[in-house]
Ligand SMILES: [Zn+2]
């Protein structure tokens, strides 16, 4: 499809790759580790300046935590697009596993390596640079833009809810470009995600005695580690089935529409297996069964488990206390309060009333539609930019605040971005391909153009 009005902007983007790459390096050089309160103000200020340089009058809104950067480009158009992003990153540790320093962005061959380059500074800038390029070419935009970037996404978006509830007028828009977004591993299709799974996190705490004891007492005193393991083993079996009583009661059966979107893309099993160093997936999953599990089924994960002595050498100790952190990825129909209630009832009914359940953070699942104007504007342009059609996900396998925001405001959101499934997000040597960054700018520019029309 030849569309000269968009190609003019793409040409501008190609001509200004160095400038946009320099901006990406500037963003990634500034640490902004929310978990460690490291560099947050400085980063917020850089984002604010960038929003202002686009004409968006960037402002910082105090939240009680890290500020939210907000700005508006109001051209008096009919449609308004919100660009939601986050400027915080996860901690860089372990440092010794980085091949280049995490906050010294380094171009290596066809990729750029830095903490946050994939999650989420690359995607953030791909939208902002698109706004820049479009305005430079046409002196205006065919839509209004709202910029909103938070600095607490990686620590659970603790203040986003309050901000949205008390600034509904500012959040109001016709659609939201959601933060993040990736391609399948090894240059597979761009993923266009219209929804998310939810997540419900909690801890299970088990205390069996006042304090640790010599393990000779194991004959007569209960062991907290065993007790926790026994409780956990009633919640999921060796066939990987979640066995919490009534857990699946609220989940509607998979619809034909869902199946048809799953059939519409190929999951790159071979490259994914290579990346994780396995010959096969869990339970031998493959084809449609794999996709159904990954996108439509809930999961229950032990994030970590701790008890007794795990240091060097032997210590014959009888642990008095054990605890674990668990996340349950929820799907449509499931609600955090109900899931927690089911876990509580399950533990009680299986003789584990003594195990304490401590709720953690949770987000809601959300299922979007490919028929909303933003989704249409994205989907129609993917093949022109990437040379292959997108993989459309009614919901992604992961979770974020999209469910919360979309449920609260009724505004649809679409997630597409510049990393790939092997970008080492949250891990050492985080990277994106340079081409994916520039293609992300091009796709965003085309979306700005088409969102006015579809
Ligand atoms: Zn992240």
- residue 422 is checked against (1) surrounded by fewer than 22 Cβ atoms within 10 Å (Cβ to Cβ); (2) away from the ligand (no atom under 16 Å from the Cβ) and fails just one. What number does that condition carry? (2)
- Message: Let me spell it out: the conditions are (1) within 16 Å of the ligand (Cβ to nearest atom); (2) more than 27 Å from residue 201 (Cβ to Cβ), and residue 381 meets all of them except one. Which number is the exception?
- Response: (1)
- Could you tell me which of the residues 32, 52, 37 is in contact with a helix residue (DSSP H, G or I) (Cβ under 6 Å, 6 or more places away or on another chain) and in the same structural domain as residue 429 (by TED's automatic domain parsing)? 32
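Please return the ranges of strands (runs of 3 or more DSSP E) entirely within segment 87-188 where 3 or more residues are more than 17 Å from residue 46 (Cβ to Cβ), away from the ligand (no atom under 14 Å from the Cβ) and touching a residue at least 24 places away in the same chain (Cβ under 8 Å).
So the answer is 111-113, 144-150, 175-178.
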- Can you tell me how many residues in segment 190-240 are in contact with a strand residue (DSSP E or B) (Cβ under 8 Å, 6 or more places away or on another chain), part of a loop (DSSP other than H, G, I, E, B) and over 28 Å from residue 328 (Cα atoms)? 3
- Item | Index of the failed condition, residue 288 passing every other in (1) within 21 Å of the chain's Cα centre (by Cα); (2) in a helix (DSSP H, G or I); (3) touching a residue at least 24 places away in the same chain (Cβ under 8 Å) | (1)
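In this structure, does residue 337 turn out to be part of a loop (DSSP other than H, G, I, E, B) and modelled with pLDDT of 95 or more? If you could, list the steps in order and put the result at the bottom.
Numbers: part of a loop (DSSP other than H, G, I, E, B): no; modelled with pLDDT of 95 or more: yes.
Spelling it out, it is not the case that residue 337 is part of a loop (DSSP other than H, G, I, E, B) and modelled with pLDDT of 95 or more.
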- Are there any pairs with C-beta distances below 7 angstrom linking a residue in segment 421-433 that is closer than 11 Å to residue 112 by Cβ and in contact (Cβ under 8 Å) with a residue 40 or more places away in the chain to a residue that is within 11 Å of the ligand (Cβ to nearest atom) and part of a strand (DSSP E or B), with the two at least 6 apart or on different chains, and if so which? 432/419
- Task: Test residue 41 against the stated conditions and say whether it is touching a residue at least 24 places away in the same chain (Cβ under 8 Å) and part of a helix (DSSP H, G or I).
- Result: yes
- Query: Looking at (1) away from the ligand (no atom under 13 Å from the Cβ); (2) within 18 Å of the chain's Cα centre (by Cα), can you tell me which one residue 78 breaks?
  - Reply: (2)
- Out of curiosity, is residue 348 out of contact with any strand residue (DSSP E or B) (no Cβ under 9 Å at 6 or more places or on another chain), in a helix (DSSP H, G or I) and assigned by TED's automatic domain parsing to the domain that holds residue 143? no
- Query: Can you tell which of 291, 325, 278 is touching a strand residue (DSSP E or B) at 6+ places or on another chain (Cβ under 6 Å) and at pLDDT 95 or above?
  - Reply: 325
- Kindly establish whether residue 187 is assigned by TED's automatic domain parsing to the domain that holds residue 380 and over 15 Å from the mean Cα position of the chain (by Cα). yes
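The values are calculated or read from the model by the stated rules, or taken from the named source; none is laboratory data. Not measured: the values here are computed from a predicted model. Positions of Cβ are generated from backbone atoms using ideal geometry, with glycine treated the same way; all protein chains shown enter the neighbour counts.
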